[in-house]
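First the structure, in the form of structure tokens, and then the observations on it.
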Amino acid sequence: MEEIQPIIQSYIVDFASNNNFLFVKGVQGDGYQTRYADITLTNNGQPYELVRESIRVILRGTKPDNKEIFNVCEIIDSNTIRVEITQQMSAIPGKGNYEISIMSTEKNKLLTSFPFFIIISPSSFDVSNLTSTNEFTLLVDKINQVDKLEDKADQLISDQETLKVELEKTIEDSERATADSIAATTDCRNATSDLRELHKTVQEAETIRISNENVRNNNEQNRIDSELLRQQQAQDFADAEAIRVIQENERQVNTATAITNAENATQIAIHQTELMENLEDLISANEAIRQSNESERILNEDIREDFHGAMQELEDTISTNETTRQEQEEKRQSDTATAISNAEIATEAAWEVVNSLQTNLGIDDDSVTHVTTWSSNKIQTQTQEWFWRKSINNILISSDLWSNNKLYILSEIFSEDSVVDIYYNLNSFDMVAECDLRYTQGDGYLCIIATYTPYDSILIDNIMIENYYSQAEGNISSTLN
């Protein structure tokens, strides 16, 4: 609470009528925010509304000694103002003439009330040492505002000098960034050239693989022709027992050779698959380099807008190369599937040859002599350990199953040293290439890793695992646990 509570008196000033009857009272020498008059403004007895955002209310008048007063009034509410009886207004006892003026701050408008009186009663104490002067608080406020504007102007000049220094530094940074951008563009072009050379090497390797596959097919056909000739010879000399024994021994040797050839053909297909996987890893490593360069290009994009045309042309080239890579990836998977299928067909053909011999030759699975042979069923039992594979078929992966661009297929058939081949459905090739899918495996799981998060479903026709005996089931999980 203040030590001296101010005295506030209430009055009414009507802008439409004479206010000669209104006398605001004060005591000589009072001041320093101790006496106030709250004046309600009316118009013919009705409240006179004030729009405080666009007006200023002034108390102006003449003291008993003809000194002038021009002070700003506080707006209390929509039609009430507060007038302070300042020390200057109460310096001289007597009757002073005053009026309320409303000034527009937006237009050249002024409204003034009829005069009223402020009566200052003389003090019983001698306050003649007080000096009566003119009081223009509004003008003082304006002068103070000008001083503040000058201070702000000085501050703006200082800020402009600081901004100039910062701008010069920004220009230097921009020039350095431009040089870095040119160097990054050169590196990106060199990487694109290296990628083209790599694609050429891949194409040459693919041509060699196709040539080798054709040679293998010709050799297999020659083997089949030789086997047919052997059967014809065995039939021609079937009546001679001694000759049959000799030919039977020869047939067993040839059968073993046929099985060995089929096994070798399968191993060759596996080896070619491993070569393609190694080539795919090499392509993936170069793709990672390309993606890193692309990220650096994006970071510098805002700085080197002037080089946008050249960078756009480079981006089109990279996009074309990416399309070529996707097409080659689709062809690689298709060729790998064809190679495995051809190996399986060759193996089945070998079994068909063996089975056809059982009809024409004496087959005895129970005894072992120099004139007997095993049936295809018994031979199949003997070769299961190297022939069979286990597979997981028809796996649909929806886009909401990925977690941190990873997805796990859980099954006890997987081990860290398993030889795994994934065959994607033809309709999923575009999504597989676009998202750059890779995979790793460990004991009990296969982890598929996406460089970019798939936004559409992916269908796996078949997952083949070497050295197992039957078809199996696997569970899809977004985590390893």
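Between Asn18 and Asp38, what is the label-point separation in nm under the 7 Å Cα-to-beta-carbon projection?
3.0
If you place +1 on the Cβ of every Lys and Arg, -1 on the Cβ of every Asp and Glu, and leave all else neutral, what size is the dipole of segment 227-314 about its Cα centre, to the nearest 20 Debye? Working shown, then result.
Working: 6 positive and 19 negative charges, 105 e Å.
So the magnitude is around 500 debye.
How high is the FRET efficiency from Ile7 to Leu156, r the C-beta distance, R0 51 Å, rounded to 0.05? Let's see the in-between values first.
Values: r = 45 Å, r/R0 = 0.89.
Once rounded, the FRET efficiency stands at 0.65.
Just to confirm my numbers, what's the Cα centroid distance between segment 4-50 and segment 233-269 in Å?
132
Taking 22 Å as R0, compute the FRET efficiency from the Cβ-Cβ separation of Ser457 and Ser319 and round it to 0.05.
0.35
Subtract the Cα-Cα distance of Leu426 and Gln326 from 0.36 nm times their separation in residues, and report this length gain in nm to one decimal. Intermediate values should be presented prior to the final figure.
Working: separation 100, 0.36 × 100 = 36.00 nm, distance 1.28 nm.
Value of the extension gain: 34.7 nm.
Step through the residues of segment 256-264 one at a time and calculate ³J(HN,Hα) from phi using the Karplus curve (6.51 cos²θ - 1.76 cosθ + 1.60, θ = phi - 60°), rounding each to whole Hz and writing x for Gly and Pro.
These are the phi-based 3J(HN,Hα) values: 4, 5, 4, 5, 4, 4, 5, 4, 4 Hz.
Just to verify a number: FRET efficiency for Ser78 and Asp302, C-beta to C-beta distance, R0 = 56 Å, to 0.05? Kindly include the intermediate steps, with their values, before the conclusion.
Numbers: r = 53 Å, r/R0 = 0.95.
So, using R0 = 56 Å, E works out to roughly 0.55.
Which residue, chosen from Ile76, Ile102, Ile55, occupies the Cα position most advanced towards the positive end of the dipole of segment 49-108, where the dipole is computed from +1 (Lys, Arg) and -1 (Asp, Glu) charges on Cβ about the Cα centre?
Result: Ile102, furthest along the dipole toward the positive end.
For Lys109, list the aspartates and glutamates whose Cα falls under 20 Å from its own Cα; do not include residues on the same chain fewer than 8 positions away.
Correct list for Lys109: Asp14, Glu49, Glu53, Glu74, Glu99.
Leaving out ligands and nucleic acids, note down the accessible area per residue over segment 39-85 with a 1.4 angstrom probe, in whole Å².
So segment 39-85 comes to 50 Å² accessible per residue, rounded to a whole number.
Can you compute 3J(HN,Hα) from phi for each residue in segment 189-203, using the Karplus curve 6.51 cos²θ - 1.76 cosθ + 1.60 with θ = phi - 60°, rounded to whole Hz and x for Gly and Pro?
With the stated coefficients, segment 189-203 comes to 5, 4, 5, 5, 4, 4, 5, 5, 4, 5, 4, 5, 5, 4, 4 Hz.
At what distance in nm do the modelled label points of Ser284 and Glu106 sit from each other, each positioned 7 Å from its Cα along Cα→Cβ?
Reported label-point gap for Ser284 and Glu106 is 7.1 nm.
Tell me the accessible surface of Asp443 in square angstrom (1.4 angstrom probe, heavy atoms of protein chains only), to the nearest ten.
Asp443 exposes around 120 Å² with every protein chain in place.
When the Cα centres of segment 391-457 and segment 270-291 are compared, how far apart do they sit, in Å?
17
Once both labels are modelled 7 Å past Cα along the beta-carbon direction, what's the Arg176-Lys200 spacing in nm?
So the two model labels end up 3.9 nm from each other.
How big is the accessible area of Glu106 in square angstrom, nearest 10, if you roll a 1.4 angstrom probe over the protein chains?
Its heavy atoms expose roughly 140 Å² to the probe.
Given segment 392-478, report the % of alpha carbon pairs whose separation exceeds 15 Å.
Cα-Cα pairs of segment 392-478 separated by over 15 Å account for 55 percent.
Can you run the Rg to Rh ratio on segment 1-135? Use alpha carbon positions and the Kirkwood inverse-distance Rh. Write out the running numbers ahead of the final one.
Numbers: Rg = 15.1 Å, Rh = 15.4 Å.
Here the Rg-to-Rh quotient is 0.98.
Given the C-alpha centroids of segment 190-218 and segment 168-182, what is the distance between them in whole angstrom?
When both Cα centres are located, 43 Å separates them.
The values are calculated or read from the model by the stated rules, or taken from the named source; none is laboratory data. Since this is a predicted model, take the numbers as computed values, not measurements. Every residue, glycine as well, gets a Cβ built from its backbone with ideal geometry; the counts of neighbours run over all protein chains shown. Only protein heavy atoms, including side chains, enter the accessible area calculation; ligands, DNA and RNA are left aside. Shrake-Rupley method; radii C 1.70, N 1.55, O 1.52, S 1.80 Å.
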